[in-house]
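Asks: Attaching a single structure in structure tokens format; questions to follow.
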Amino acid sequence: MTKTIISVDINKKAHEQTFPLHNRWHPDIPAVASVEPGETFRIECLDWTGGQVKNNDDATDIKIVDLKQVHYLSGPVAVRGTEPGDLLVVDIIDIGPLAGNEWGYTCIFAKENGGSFLTDHFPYAAKAIWDFDGVYATSRHMPGIRFSGIAHPGVMGVAPSRELLQRWNRREAELFQTDPNRVPPLAYLPDPQSAVVGKLKCADAERVMREASRTVPPRENGGNTDINSFTRGSRIYFPVHVKDALLSVGDLHFSEGDGEISFCGAIEMAGWIELKVDIIKQGAKKYNLAQPVYKSAEPKPKYSNYMVFEGFSVDEQDKQYYMDASMSFRRACLNAIDYLKQFGYTGEQACILLSAAPVEGNIKAIVDIPNACTSLAIPTDIFNFDIWPSDKGPIKLDVQRKLTVK
Ligand code: ZN
């Protein structure tokens, strides 16, 4: 049995855990465990909010969620003998929910508290709970649907160097200052409120809480990449920035669609992850790698039938944009949501489904002026009814469930 080097207790609050958690990036956050290169070990993680979201039918917890607390990460783990310039090689051996806690959630955040990719269309908080049965997910809030998840960590990364941290904070502040009152904000700047920095105490802790970067965007250290291919069997090569690498992980997902469009868009869970680490000495230098690369995993849920929706760079008011892939993907998502509504789902249910299920998003053509063409592919076998167009028209199902709170 693989040894657990960091455990969590889901009945305790995030700041009461035996192994102190952290929710910011900073080189001075001390390691809580250490391993040797070549070692395999297990790490347990709270869900990304630190247990703020409950298994019930009321989205009030989503409406009032404290997003300054996210993401709670387990670690850092010191990988002994690692130095800046090395590559840290991380194999993902396996991932799962904590025993006795086989459930997760997908949410839409309220526009004024987090928002989402489609926040103009879905401004209210909504929540769906999923139950896990082995690799499968079903939901009392999403009747007619069952699919197998691609479990992965939403966040995994190494500590930044002091210099890298300063670069992040500078460039994000410059963007933020171009429109400081925007909702949602253009960037999440360092914020000591609700910051948790592991076992640091007193003056050191206060300084680190002020300086440390938020974990919201992915950056050169990895971080919140939300790449659903980081599943069991994949391998990630992280450029190392500080002594002992200081690897952290959290925000475990049971499943996620490409794009994670509802922001809290994966199936979020508390769980465990088994990792094996190794070092390529001065590998980042030798290959001139400034950010992680990864090897995708072999095993993947196998779907052969997809219904594919297209998007172009034209907004809902028929305004033409120039080669705007985000706008194009937005329209592909909205087209799919509108189609699913014809069977009886609400827009929020459809949005949550596209966030959580193994849908595939792609850029198809980025040369055909003025429209970037993107696609959103939904595996049709996840539905227990026929979703394809026919002479009969869409069947009306009793699947509508109210997931929102205002
Ligand atoms: Zn997540």
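The values are calculated or read from the model by the stated rules, or taken from the named source; none is laboratory data. Not measured: the values here are computed from a predicted model. Using ideal geometry, Cβ is built from the backbone for each residue, glycine included, and neighbour counts are taken over all protein chains shown. Accessible surface areas use protein heavy atoms only, side chains included; no ligands, DNA or RNA. Shrake-Rupley method; radii C 1.70, N 1.55, O 1.52, S 1.80 Å.
Asks: Over 14 Å from TRP25 (Cβ atoms) and either away from the ligand (no atom under 16 Å from the Cβ) or buried (at least 23 other Cβ atoms within 10 Å of the Cβ) (or both) - does that describe any residue in segment 214-223?
Replies: no
Asks: Tell me, which residue of segment 126-138 that is in contact with a Leu (Cβ under 9 Å, 6 or more places away or on another chain) and not basic (Lys, Arg) is farthest from ASN384 (Cα to Cα)?
Replies: Per the criteria, the residue is ALA126.
Asks: Looking only at residues in segment 233-252 that are touching a helix residue (DSSP H, G or I) at 6+ places or on another chain (Cβ under 9 Å) and in a strand (DSSP E or B), which one is nearest to the ligand (Cβ to nearest atom)?
Replies: Restricting to residues being touching a helix residue (DSSP H, G or I) at 6+ places or on another chain (Cβ under 9 Å) and in a strand (DSSP E or B), the top hit is PHE238.
Asks: Say we look at segment 184-200 and pick out the residues that are open to solvent by 40 Å² or more (accessible area, probe 1.4 Å) and touching a residue at least 12 places away in the same chain (Cβ under 8 Å); which of these is nearest to PRO123 (Cα to Cα)?
Replies: It comes out as TYR188.
Asks: Let me ask something else. Just the residues that are surrounded by 17 or more Cβ atoms within 10 Å (Cβ to Cβ) and of a type in the set (Gly, Ala, Ser), please, taken from segment 264-296.
Replies: Hits for segment 264-296 are GLY265, ALA266, ALA270, GLY271, GLY283, ALA284.
Asks: From the set of residues in segment 224-263 that are surrounded by fewer than 22 Cβ atoms within 10 Å (Cβ to Cβ) and among the aliphatic types (A, V, I, L, M), which is nearest to LEU164 (Cα to Cα)?
Replies: Residue satisfying both the conditions and the ranking: VAL242.
Asks: Could you tell me whether segment 55-66 includes any residue that is touching a strand residue (DSSP E or B) at 6+ places or on another chain (Cβ under 6 Å), within 16 Å of the ligand (Cβ to nearest atom) and open to solvent by 10 Å² or more (accessible area, probe 1.4 Å)?
Replies: no
Asks: Pick from segment 58-91 the residues that are among the hydroxyl-bearing types (Ser, Thr, Tyr) and touching a Leu at 6+ places or on another chain (Cβ under 7 Å): which of them is farthest from ILE280 (Cα to Cα)?
Replies: By that ranking, first place goes to TYR72.
Asks: Test each condition in (1) touching a helix residue (DSSP H, G or I) at 6+ places or on another chain (Cβ under 9 Å); (2) farther than 30 Å from GLN320 by Cα for ASP398 and report the one that comes out false.
Replies: (1)
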